[in-house]
Protein chains: 2
Amino acid sequence: MGNLTHHHHHHPVDPEKFQAELKDKLNSLGYRYTPQRQQIVGLFLSEEGHLTAKEVTEHVQQQSASIDQATIYRSLEFFYKIGVLSCSQMGGQTVYEIAHSVPHHHLVCTNCDTVMPLDDHHFDDLVAHLWQDHQFRAELTHLTISGLCGHCAN
Amino acid sequence: MGNLTHHHHHHPVDPEKFQAELKDKLNSLGYRYTPQRQQIVGLFLSEEGHLTAKEVTEHVQQQSASIDQATIYRSLEFFYKIGVLSCSQMGGQTVYEIAHSVPHHHLVCTNCDTVMPLDDHHFDDLVAHLWQDHQFRAELTHLTISGLCGHCAN
DNA sequence: CTCCTTATTGCAAATAGTTGCAATAATAAC
DNA sequence: GTTATTATTGCAACTATTTGCAATAAGGAG
Ligand SMILES: [Mn+2]
Ligand SMILES: [Mn+2]
Ligand SMILES: [Zn+2]
Ligand SMILES: [Zn+2]
């Protein structure tokens, strides 16, 4: 598999603080912050970048072999639904990462698998047009655009 | 606004001719046009629209129960790679359809699951910008944009 | 038509992802 | 701290998709 994970911009996030605030958020919503969920979030905080379910399973089960794959799949889906993780398709694989406050997208080279970040503002005009002329309220989060990078395009 | 919700009815394709030309195309590339592949393409020509692998399997096995699921998955991938079928993610499912010469994209309402077509020209500016300022040659084929349709947005 | 090459198939086993359910344990209330 | 509530887990069974390989058959050559 290609290296789908590396790029990024270090967001200055304090893991302790992030987890503490997350626990409060979940509890206030009636959810629980279990050791399994803490481990999964902890992994994403230490490994900045995209992770597949399989990668999460391997890393997490190294620490606690008892944690089940069903728990991992359900946790990833859970964190995605409440907005803690973002989710996207990259090279036929589903990848997750911490969802930052400002959305970002990706350019993926179909030849060399390089992943480049793409700022959200590139879609402002399109979103405005879809709303005005198509009555459609687009919610672009973590879009993946395929193509050829400058190096592979010539 | 016209027929926004139901597209795919603009298909002046003669199935006989399409299949004959496809056979020649495959043969000239060293591939073979087997009865299994003929049936799968025939299904897409009769059922205009998006089909999942499961739907293809059900329809095709009604005629020939002996055709294996592995053959169907491999055929869908094969036709996608040579450009006969397009492939996209819609509502977490992988769907295929005949790839028309002019690409199209989709707006999908996350609330009511309505699918609306979106013409390729909406991305012209974005593609030009990515090429000029990011040295990236975007190849947008059958993109899916999620959001809320006009009805669900208010 | 017959033969040859090899692309493609069916099968079966492997891998990936999902789901129902009883047991567990995180949280809140006392 | 103790208890009650119920969200969450592990398990196992299930569905979905992929893969290796020997058998098959499509298409080109003679
Ligand atoms: Mn990303
Ligand atoms: Mn389509
Ligand atoms: Zn490249
Ligand atoms: Zn809608």
Percentage relative contact order, chain A, counting C-alpha pairs under 8 Å, at least six apart: 21 percent
Of A:GLY92, B:HIS104, A:ILE67, which is farthest along the charge dipole of the protein assembly as shown in the positive direction, counting Lys and Arg as +1 and Asp and Glu as -1 at C-beta? A:ILE67
So what are the ³J(HN,Hα) numbers for segment B:100-108, from phi and the Karplus equation (6.51, -1.76, 1.60; θ = phi - 60°), rounded to whole Hz, Gly and Pro as x? 7, 5, 9, x, 9, 10, 9, 9, 10
Quick one: putting +1 on the C-beta of Lys and Arg, -1 on the C-beta of Asp and Glu, what dipole do you get for the protein assembly as shown around its Cα centre, in Debye to the nearest 20? 820 debye
Kirkwood Rh over Cα pairs of the protein assembly as shown into Stokes-Einstein at 25 °C, 0.890 mPa s: D in µm²/s? 112 µm²/s
For segment A:1-150: accessible area per residue (Å², 1.4 Å): 56 Å²
For A:TYR33, what accessible area in Å² do you get when you roll a 1.4 Å probe over the heavy atoms of the protein chains, rounding to the nearest 10? 30 Å²
From the label point of B:GLN62, set 7 Å along Cα to the beta carbon, how far off in nm is each other copy's matching point, shortest first? 5.1
Percent of Cα pairs exceeding the 16 Å cut-off, where the set is segment B:66-152: 63 percent
Springs between alpha-carbon atoms under 10 Å, Gaussian network over chain B: tell me which of B:VAL56, B:VAL13, B:VAL41 tops the mean-square fluctuations. B:VAL13
Dipole magnitude of chain A, debye to nearest 20 (Cβ charges: Lys/Arg +1, Asp/Glu -1, about Cα centre): 520 debye
From Cα coordinates alone, what are the radius of gyration and Dmax values for segment B:104-147 in angstrom? 12.4, 38
Normalised alpha carbon radius of gyration of chain A [divisor 2.2 N^0.38 Å]: 1.15
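In square nanometres, what is the average projected area of the Cα convex hull of segment A:15-98?
On the way: hull surface 21.0 nm².
So the mean shadow area of the Cα hull is 5.2 nm².
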Using a cut-off of 14 Å between beta-carbons, work out the net charge of the residues near B:CYS109 (Lys and Arg +1, Asp and Glu -1, B:CYS109 not included). -1
Go ahead and run the numbers for FRET between A:SER28 and A:ASP125, Cβ-Cβ distance against an R0 of 45 Å, rounding to 0.05. 0.75
How much accessible surface area, in Å² rounded to 10, belongs to the heavy atoms of B:VAL127 with a 1.4 Å probe? 50 Å²
Whole-percent carbon and sulfur contribution to the accessible surface of the protein assembly as shown (1.4 Å, no ligands, DNA or RNA) stands at 48 percent
At 222 nm, what value in deg cm²/dmol follows for chain A if DSSP H runs of at least 4 each add -39500 (n - 2.57) and the sum is divided by all its residues, to the nearest 500? -12500 deg cm²/dmol
If one takes the accessible area of chain B alone plus chain A alone and subtracts that of the pair, with a 1.4 Å probe, what total in Å², rounded to the nearest 100, results? 2200 Å²
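The values are calculated or read from the model by the stated rules, or taken from the named source; none is laboratory data. Just so you know, these numbers come straight off a predicted model, no measurement behind them. Counting neighbours? That spans all protein chains shown, and the Cβs are built from the backbone with ideal geometry, glycine included. Heads up: the accessible areas ignore ligands, DNA and RNA and are worked out on the full protein's heavy atoms, side chains in. Shrake-Rupley method; radii C 1.70, N 1.55, O 1.52, S 1.80 Å.
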